[in-house]
1. Label points 7 Å out from Cα along the Cβ direction at Arg32 and Leu50: separation in nm?
2. Of the peptides 13-26, 36-49, how do they stack up when ordered by the mean number of other Cβ atoms within 10 Å, highest first?
3. Mind pulling the angle between the C-alpha long axis of helix 14-48 and the longest principal axis of the chain? Nearest 10 degrees, somewhere in 0 to 90.
4. Can you list, largest first and rounded to whole Å, the semi-axes you get for the chain by taking the square root of 5 times each eigenvalue of its Cα gyration tensor?
5. In the neighborhood of Asn11, defined by Cβ-to-Cβ distances under 15 Å, what is the net charge if each Lys or Arg adds +1 and each Asp or Glu adds -1?
6. Helix-only estimate, please: 222 nm mean residue ellipticity of the chain, summing -39500 (n - 2.57) across DSSP H runs of length 4 or more and dividing by its residues, to the nearest 500.
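What follows is calculated from the coordinates using simple rules that are stated; it is not laboratory data. From a predicted model like this one, the values you see are computed outputs, not experimental measurements. Reconstructed Cβ throughout: ideal geometry from the backbone, glycine too, with neighbour counts over all protein chains shown.
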Amino acid sequence: MDKSMLGDLDNLPEVDKVRMSTMIDQLQIRDRLGFIINFVHGLHSNLSSL
């Protein structure tokens, strides 16, 4: 994960920083999977119409 996404979390305890980093990673993975699923679905739809 890009550490710049954590912003100004210097005042948080380390456990909270790790938790926030993990949540951001999970959201990024979910967004990427959503993009891939939509791309494959669109590709399949286009190929099915040939």
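1. 2.8
2. On the way: 13-26: 11.7, 36-49: 9.2.
With the highest mean Cβ count within 10 Å placed first, the list reads 13-26, 36-49.
3. With both axes taken from Cα atoms, the answer is about 10 degrees.
4. 38, 8, 5
5. Details: positive: Lys17, Arg19; negative: Asp8, Asp10, Glu14, Asp16.
Cβ neighbours under 15 Å give a net charge of -2.
6. Details: 1 runs with 35 residues, N = 50.
For the chain, the value works out to -25500 deg cm²/dmol.
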